[in-house]
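The numbers here are math on the coordinates, done by the rules we state, and not lab data. Worth saying up front: this structure is predicted, and the values here are computed from it rather than measured. Note that each Cβ is placed from the backbone with ideal geometry, even for glycine, and that neighbours are counted across all protein chains shown.
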Amino acid sequence: MTSVAPQGLPAVFQQSTIDYLAILPLLIVFGVAIVGVLVEAFVPRDRRHMVQAGLAVVGLLAAFVAVIVAAKHQGLTMGITDGASDRRLFALAIDGPALFMQGTILLLGVLGVLTMAERLGGVGPDAFTPSGASTPGSPFETNASRAGALTSEVFPLTMFAIFGMILFPTTNDLIGMFVALEVLSLPLYILSGLARRRRLLSQEASLKYFLLGAFSSAFFLFGSALLYGYSGSFVLGDISKAISTGPIEMNGLLVPGAFLVFVGLLFKVAAVPFHAWTPDVYQGAPTPVTGFMAACTKAAAFGAILRLAYVGLDTGRWEWTNALVVIALLTMVVGSVLSVTQTDMKRLLAYSSIAHAGFVLVGVLAFDSKGVGAVLFYVATYGFAIIAAFAIISLVRQNGGEATHLSQWAGLGKRYPLVAGAFAFLMLAFAGIPATSGFMAKFAVFSAAVGTGGATGTVLVVVGVLCSAITVFVYARVIVLMYFGDPPGDTGDAANAVEVVVPSVTTTFSIAIGTVITLALGVVPSALLDLADRASQFVR
Amino acid sequence: MTEMSSVPWLTIMGLIPLVGSLVVAFAPGSALMAKRLALGFSLATLVVGIVAALQFQINSPKQFQLGEQASWIPQFGVSYSLGVDGIALVLILMSLVLTPICLIAAWNDVEEETAEAGGARNVKTYFALLLVLETFMVGVFAATDVFLFYAFFEAMLIPIYFLIGRFGGARRQYAAMKFLLFSLAGGLVMLVAVIALYLQGPGGSDGFLIERLTGLSMDPTTERLLFVGFFVAFAIKAPMVPFHTWLPDAATESTPATATLLVGVLDKVGTFGMIRFCLQLFPEASHWATPVVVVLAVVSVIYGALLAIGQTDMMRLISYTSVSHFGFIVLGIFAFTNVGSAGSTLYMVNHGFSTAALFLFAAMLVHRRGSKRIPDYGGWQSVTPALGGIFLIAAMSALALPGLSTFVSEFLVLVGTFPTRPAAAVIATSGIILAALYMLLMYKKIMTGPPPGDLIGERALARLTAEEQAQPEHARRSLVRDLSTREKLLATPLIAVILVLGFYPNLALNPINPAVDKSLSHVLTPAAGNAAAEGSSK
């Protein structure tokens, strides 16, 4: 059998020791989500939107402050004494990577919530259908919208998702990870299906996301079971110890277990070949939700991947590294090559986000604290840029609906120089041009990979830069279209023209912040790099 | 290695156009006001540049002068570090002189082409982009930190991309995209080499400084790979055969001012990078690669010239001559003689002015005739005698007539190449004959013989008033005006510089020579380079 004896349940109930200050961010976000549900029930409809949005933003900011407080309370927490071995088993690891990811997700969450709250003069959030449960085009839907129904439940749903997201990189055992995975996924499945326009597409996206997500969760759970069988524990540190001391005959459990657990996580970051859902879901989901998912889900999942790779399965690295290298290569190549042929802006950014996931994986494969720091930095910079980019997409309209087809963006730069300028700048950031945060982030992951990734790392980086060159073509094409192209069907028909609607202060704020941070981190990245570097040590 | 300066001259030089571009882009006012502002800012930069150049000590023992250094991204080992040696100094001065000339040349280009599309905003954007470009030109030549150089090298693509893609001719989008993809592909390969170079070096928070990376003892394979990474990017930029195909498109489709800055200044970054980075940082690999590079250079000289002879489009012809000239420059650099490298550096400066003259004077012809096709012309000497005269000077300078600046540099390159690469030098010399052929043929077709029946082309005709259009064709000759004041204003300094550097090349050679000696010291005796690096690290 394995070196670590299987643990039984404790004979008597034991209270776990909890450092409440360390988990305060989690508590705040969860609490606000619960309060949000109550608000939904008790606050009158006409005030609900303001209350919900305000509550969410305030809660997220408070949680961010709590993250700063928690930085002084790092360590393992939520421990219970194992009945059989008298060891402490800790469920949560409050350490640098966890806190950095929490802070990042919370700030990105603020921007995400602000874009979701955009009403554009209506009663409820503009991007969401007033009645998600109704059949599209049915009288029920018409009645709901006539009655002024609004979908303010998106805010508590988002808060639950964020709770799952900040829990995800923090959990120290596989069961906790699974719970976090489900908590963050389920609200996103619902949110994806709530688009106000093109509802069938949205519901299709939701269903696809749900089915594939359920599969991947099952994979994760099955992998966890195999790893438990191998090591006799769900705690990452124990698994790591078991791998280093365990007999080789047991690899029949370890290798498939590790693969299956990784599949569950790689699904969430949209790594190839687990990416098939991404374009459809990104396209179908309400645009603010897409931006939120692209930024925050990715951050959370990469946090969990880092912890799994660096804490749980680090000692068995030779078993799975090659598979992950292949996945990183595939992700970069498929993401960038397929983005070339896209004609829909949201699908284009979906494939671009796949390619970016590949770049981040290159950083993960550096297997060094520098790599961890680079991944943290990359995820943060990408998050700010992508939220702003999707927020801008949500503003480009034709006949009231979003104009996401590339041809509809032609000539936008001539009529809306400011919006097009910001979007072009974000495109340059995705392309990794100097003076944008994208360049610094790419440089960080690539230099970490060349530095400590060995020959494999160098090969990954060479493929990475070639894929960057491919994606530059894609982004440049968008810029060409906006600046050098002529507006489609310039017939002078004002009602039919593609226009950029004037957003309220919330969306404006998130676009401005996202763009400014993208610029600032491109010019003076050292403060955040330093923070990411210092936050790159895991506790075990 | 770097002599620090108490006044941050180089930063000031870079900031003035940057501030200028913001002012030009966002200040209210007419298009004329924006143009005047832009010209004012570029002239102010030139003044600062000259003042800074006067502080430059020709015989300083340090490699770089006017130095500035501050920590920028210590996590990556990146410093904001500027400094110039003689090579960088003359190239910066060339850029600073060419920018106002190009601004004057660009005075009316944009309004005419895009007046219906947005009026003053287009003009402002155009001039602001040209000023941004000037900032990057100063930065890329002055950077003494490899990362900083790379950042300027890549960031520079964006303003050019917009300049070509937004303000160029009919196929401008294609040309801009082609330019961007070629440059970025090279640049991204270089990025890998930049990262790997840092890891080969001593590292630390200022590990990207050139002086820290000079004289490293690397594994030969690694050094060669790094060399290739840098060289390909520079060869694309330069451009050398077989990476030259983007240049004719970009130069033909962009406005004459953009084309001038593109070919005259930005392509020099490639050859400048070869001296500064390939030779200085990878001396052993430079020797290893020389046979291939020299062959490519000679091929560029001959092939570029042959292609130029076959062109019927003036702008295309001029850009192919540049491919040929860049072959000469690279040949001189990889001759590994002091004379050859000094000649190449001087060639970079001279070629900047002579190409500017060709592009801008040819643009004056195009403006009058409304066509870039050489067969559309003929006998133009009699139509606009003064323009014919300056065009002749530009053509002579491109074929390196003694007395004009290009002669000295071409001569030095060949003299410098002969001792180490006699065969290459002999073959390249025939490039001079081909140069005479393509230039004189073009001059003959445009300037001699009978003038075309319809003197004014259709597009130019559209600019005339109805009354003027109504005149009989033979009377329209008087409507084709000779040089305007603006054109004289931009032609005079160009021709003056070409003549001055032709008769007194030491003006540029004096600062170049010691800089070339220092840069080449590593490649000529790699062991001495190592010793020097060890000395500096102690």
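Evaluate E = 1/(1 + (r/R0)^6) for residue A:182 and residue B:415, where r is the Cβ-Cβ distance and R0 equals 56 Å; express this FRET efficiency to the nearest 0.05.
Numbers: r = 77 Å, r/R0 = 1.38.
Efficiency computed from Cβ-Cβ geometry: 0.15.
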Arranged by the count of other C-beta atoms within 10 angstrom, fewest first, what order do B:313, B:249 take?
B:313, B:249
Once Lys and Arg are counted +1 and Asp and Glu -1 for all other residues with Cβ under 14 Å from that of residue B:508, the total becomes 0
Karplus-derived 3J(HN,Hα), 6.51/-1.76/1.60, for each residue of the range B:94-102, Hz, glycine and proline x
4, 4, 5, 6, 5, 4, x, 4, 5
Mind checking B:178-185 for the average number of partner chain beta-carbons within 10 Å of each residue's beta-carbon?
4
For residue A:370, give me every one of the aspartates and glutamates with a C-alpha distance below 13 angstrom, ignoring sequence neighbours fewer than eight places off in its own chain.
A:530, A:533
Give me A:414, B:62 sorted ascending by neighbouring Cβ count inside 10 Å, so fewest comes first.
B:62, A:414
Is there a simple number for the mean count of other chain Cβ atoms within 10 Å of the Cβ of residues in A:477-484, and what is it?
4
Which three extents, in angstrom, do the Cα atoms of the range A:24-534 have along their principal axes, listed largest first?
75, 54, 39
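Kindly flag which residue pairs out of B:35/B:518; B:268/B:372; B:268/B:488; B:35/B:444; A:241/A:442; B:372/B:488 have an alpha-carbon separation exceeding 31 Å in this structure.
On the way: B:35/B:518 41 Å; B:268/B:372 25 Å; B:268/B:488 27 Å; B:35/B:444 36 Å; A:241/A:442 33 Å; B:372/B:488 21 Å.
Listed pairs above 31 Å: B:35/B:518; B:35/B:444; A:241/A:442.
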Radius of gyration and Dmax for the protein assembly as shown's Cα atoms, expressed in Å?
32.0, 113
Whole-Hz couplings from phi, Karplus 6.51/-1.76/1.60, listed for the range A:91-104; x for Gly and Pro:
8, 10, 10, 8, 9, x, x, 5, 5, 4, 5, 4, x, 4
Under 20 Å from the Cα of residue A:268, which lysines turn up, not counting those fewer than eight places away in the same chain?
A:208, A:298, A:346
In degrees between 0 and 90, to the nearest 10, how far off the longest principal axis of chain A does helix A:454-484 point, with axes built from Cα atoms?
10 degrees
Take every DSSP beta bridge whose two residues both sit in chain B, then give the antiparallel share in percent to the nearest 5.
80 percent
Chain A: angle of helix A:174-192 to the longest principal axis, Cα-based, in degrees nearest 10:
10 degrees
Note, the range B:320-332: 3J(HN,Hα) by Karplus (6.51, -1.76, 1.60, θ = phi - 60°), whole Hz, Gly/Pro = x, goes 5, 4, 5, 4, 5, 5, 5, x, 4, 4, 5, 4, x
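Just to confirm a number: summing +1 for Lys and Arg and -1 for Asp and Glu over residues other than residue B:2 whose beta-carbon lies under 15 angstrom from that of residue B:2, what do you get?
Working: positive: B:62, B:212, B:276, B:518; negative: B:3, B:68, B:85, B:145, B:206, B:211.
Around residue B:2, the charge tally is -2.
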Please return the longest stretch of chain A lacking exposed loop sites, where chymotrypsin sites (Phe, Trp or Tyr not before Pro) count only if DSSP places them in a loop and at most 14 other Cβ atoms lie within 10 Å.
A:21-540
Would you pull out the residues with amide H under 5 Å of residue A:88's amide H, same chain only if 5 or more places away, H placed 1.01 Å from N?
A:82
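Counting pairwise Cα distances across chain B, what percent come out greater than 36 angstrom?
Values: 41909 of 144453 pairs.
Value for chain B (Cα pairs over 36 Å): 29 percent.
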Computed over chain B: longest principal axis from alpha-carbon atoms vs helix B:422-447 long axis, angle to nearest 10 degrees, is 20 degrees
